[in-house]
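Chemist: Got a structure here, written out as structure tokens. Questions coming.
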Amino acid sequence: VFYPSGKRSRVKSIEGFKQEKKETMEAGWSTGITLAEQIYVKRGEMAVKAGQSNPSITTRVKANIFWLGSKPMEKKREYFLKLGTAKVGARIEEVISVLDASSLDTSVKEEIERHEVAEVILKLEREIAFDLITDVTQTGRFVMVDCYEISGGGIVLESLEDRQSG
């Protein structure tokens, strides 16, 4: 099953670059799959074996972000969140708290300065599939891109209800 679209197919074959066809493949190899039914799967979709636990899917997440950008991360600006192969526009909906890494003091501010860590709620321009960092670290981490530059990173703490569906 591919998420967030929910499209389904069966794996017809597993193929590795310049390798014989295999029944299984391990992490770290460049791998392709051929599907039994032809479906269009968009870049950024997450493939999950049917019967296993589904990833979270939403447009709002609670996250911890560490900011390394030369300009502060601001509520009014749009950034790109990249998680796996997915890339989606993101804005800060709410800054819950900010930790100053040098003094370890916490505060509530409207922006996140360089080298600060913040707990925030992010609003995404469209649904994205992910896992909570406590469940699967590889699909619970992301980077934030500002003007074609990776300016921060973060972890997904919680999947929040979409406001329009509430």
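The values are calculated or read from the model by the stated rules, or taken from the named source; none is laboratory data. The structure displayed is predicted, hence computed values, not measured ones. All Cβ positions, even for glycine, are placed from backbone atoms using ideal geometry, and neighbour counts span all protein chains on display. The protein model used for the area step is the full one, side chains on, heavy atoms only, and it has no ligands, DNA or RNA in it. Shrake-Rupley method; radii C 1.70, N 1.55, O 1.52, S 1.80 Å.
Chemist: How big is the gap, in Å, between the Cα center of the range 106-163 and the Cα center of the range 26-48?
Modeler: Each part's Cα centre sits 25 Å from the other's.
Chemist: In this model, which of LYS22/LYS42; LYS21/LYS87; LYS22/LYS49; LYS42/LYS109 are farther than 29 Å apart at the alpha-carbon? The partial results should precede the final answer.
Modeler: Values: LYS22/LYS42 24 Å; LYS21/LYS87 31 Å; LYS22/LYS49 17 Å; LYS42/LYS109 37 Å.
Over 29 Å apart, Cα to Cα: LYS21/LYS87; LYS42/LYS109.
Chemist: Hey, another quick one. What are the semi-axes of the equivalent ellipsoid for the range 87-166, taken as the square roots of 5 times the Cα gyration tensor eigenvalues, largest first, in whole Å?
Modeler: Details: eigenvalues 93, 46, 41 Å².
Computed over the range 87-166, the values are 22, 15, 14 Å.
Chemist: Take the chain, connect every pair of alpha-carbon atoms lying under 10 Å apart with a spring to form a Gaussian network, then pick out the residue of LEU35, LEU99, LEU132 with the largest mean-square fluctuation.
Modeler: LEU35
Chemist: Using a Förster distance of 30 angstrom, determine the FRET efficiency expected from the C-beta separation of LYS7 and GLU110, and round it to 0.05. List each step's numbers first, then the result.
Modeler: Details: r = 40 Å, r/R0 = 1.33.
Computed FRET efficiency for LYS7 and GLU110: 0.15.
Chemist: Taking the range 1-101, which trypsin sites (Lys or Arg not before Pro) meet the DSSP loop condition and have no more than 12 other C-beta atoms within 10 Å?
Modeler: Here the sparse-neighbourhood loop sites are ARG8, ARG10, LYS18, LYS21, LYS42, ARG43, LYS49, LYS76.
Chemist: Given a 10 angstrom Cα cut-off, can you work out which residue in PHE142, PHE130, PHE17 is the most mobile in a GNM of the chain?
Modeler: Taking springs between Cα atoms under 10 Å, the residue moving most is PHE17.
Chemist: Here is a further query. Would you mind calculating the gained length between ILE155 and ALA27 on full extension (0.36 nm times residue separation, minus the Cα-Cα distance), in nm to one decimal? Numbers along the way, then the final one.
Modeler: On the way: separation 128, 0.36 × 128 = 46.08 nm, distance 2.11 nm.
So the chain would gain 44.0 nm between ILE155 and ALA27.
Chemist: Rolling a 1.4 Å sphere over the protein heavy atoms, what is the accessible area per residue of the chain, to the nearest Å²? Before the final figure, lay out each step's value.
Modeler: Numbers: 10560 Å² over 166 residues.
Averaged over the residues of the chain, the accessible area is 64 Å².
Chemist: Running a GNM on the chain with Cα contacts under 10 Å, which residue among GLN52, GLN19, GLN38 ends up with the highest mean-square fluctuation?
Modeler: Fluctuation is largest for GLN19.
Chemist: Also: Restricting attention to the range 66-152, which GluC sites (Glu not before Pro) occupy a DSSP loop and are surrounded by at most 14 other Cβ atoms within 10 Å? If you can, show how the numbers build up before the last one.
Modeler: Details: sites: GLU74, GLU78, GLU93, GLU94, GLU110, GLU111, GLU113, GLU116, GLU119, GLU125, GLU127, GLU149; in loops: GLU78, GLU110, GLU113.
Here the GluC sites (Glu not before Pro) that fit, given the DSSP loop and packing criteria, are GLU78, GLU110.
Chemist: Can you tell me the dipole magnitude for the chain around its Cα centre, using point charges on the Cβ only (Lys, Arg +1; Asp, Glu -1), in Debye to the nearest 20?
Modeler: Values: 25 positive and 26 negative charges, 171 e Å.
Computed charge dipole of the chain: roughly 820 debye.
Chemist: Which Rg and Dmax, in Å, describe the Cα atoms of the range 1-149?
Modeler: When restricted to Cα atoms, the range 1-149 yields Rg and Dmax of 18.5, 56 Å.
Chemist: If you don't mind, there's one more thing I want to ask. Need the full-extension length gain, SER70 to SER102, defined as separation in residues times 0.36 nm minus the C-alpha distance. One decimal, nm. Mind dumping the intermediate values first?
Modeler: Details: separation 32, 0.36 × 32 = 11.52 nm, distance 1.69 nm.
Gain in length upon complete extension: 9.8 nm.
Chemist: Using every Cα-Cα pair within the range 34-101, state what percent have a distance larger than 20 Å.
Modeler: Values: 1083 of 2278 pairs.
The proportion of pairs with Cα distances above 20 Å equals 48 percent.
Chemist: Hey, any idea what % of the chain's accessible area is carbon plus sulfur with a 1.4 Å probe? Intermediate results must be reported in sequence, preceding the final value.
Modeler: Values: 5210 of 10560 Å².
Ligands and nucleic acids excluded, carbon and sulfur give 49 percent.
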